[in-house]
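Have a look at the structure below, then the notes.
The values are calculated or read from the model by the stated rules, or taken from the named source; none is laboratory data. All values reported here derive from a predicted model rather than from experimental measurement. Methodologically, a virtual Cβ is constructed for each residue, glycine included, from the backbone with ideal geometry; neighbour enumeration extends over all protein chains shown. SASA here: full protein model, heavy atoms, side chains in, ligands and nucleic acids out. Shrake-Rupley method; radii C 1.70, N 1.55, O 1.52, S 1.80 Å.
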Amino acid sequence: MKNNVLAEKSLKFAVRIYRLAKHLDGKKEFIISKQLLRSGTSIGANISGQFAESDSDFIHKFAIAQKNALKLCIG
């Protein structure tokens with residue numbers, strides 16, 4: 001099977017996001033923790049092209065992933 005660098009990186013990122021969200025939960029930062037978890041883990045879900053129904057659907061899902069990544073960067 002061919003290595004998918006993007007999938008590997010998004011999985012590692014999601015794991016780091018999960019750990020950060022868990023840490024924030026411990027500090028009673030529930031709202032930001034939940035939003036961080038939703039945005040951070042949706043990136044990998046949206047870049048997974050295997051579930052796209054067409055090329056345009058794949059591009060749309062990738063754009064959503066990009067938007068969520070940007071949200072995490074700029075808040």
Query - Sulfur and carbon atoms: percent of accessible area, the chain [1.4 Å] - result: 61 percent
Query raised in the report: Considering only protein heavy atoms, what per residue accessible area in square angstrom results for the range 17-75 with a 1.4 angstrom probe?
Result: 75 Å²
**Report entry** Relative contact order [Cα under 8 Å, 6+ residues apart], the chain, whole percent
**Finding:** 29 percent
Query raised in the report: Put +1 on the Cβ of each Lys and Arg and -1 on the Cβ of each Asp and Glu in the range 22-75; which of Leu36, Ala52, Ile64 then has its Cα farthest toward the positive end of the dipole?
Result: Leu36
Query - Stretch gain in nm, segment Leu70-Arg16, where the contour uses 0.36 nm per residue and the Cα spacing is subtracted - result: 17.8 nm
Query - For the range 1-62, alpha-carbon Rg over 2.2 N^0.38 Å - result: 1.33
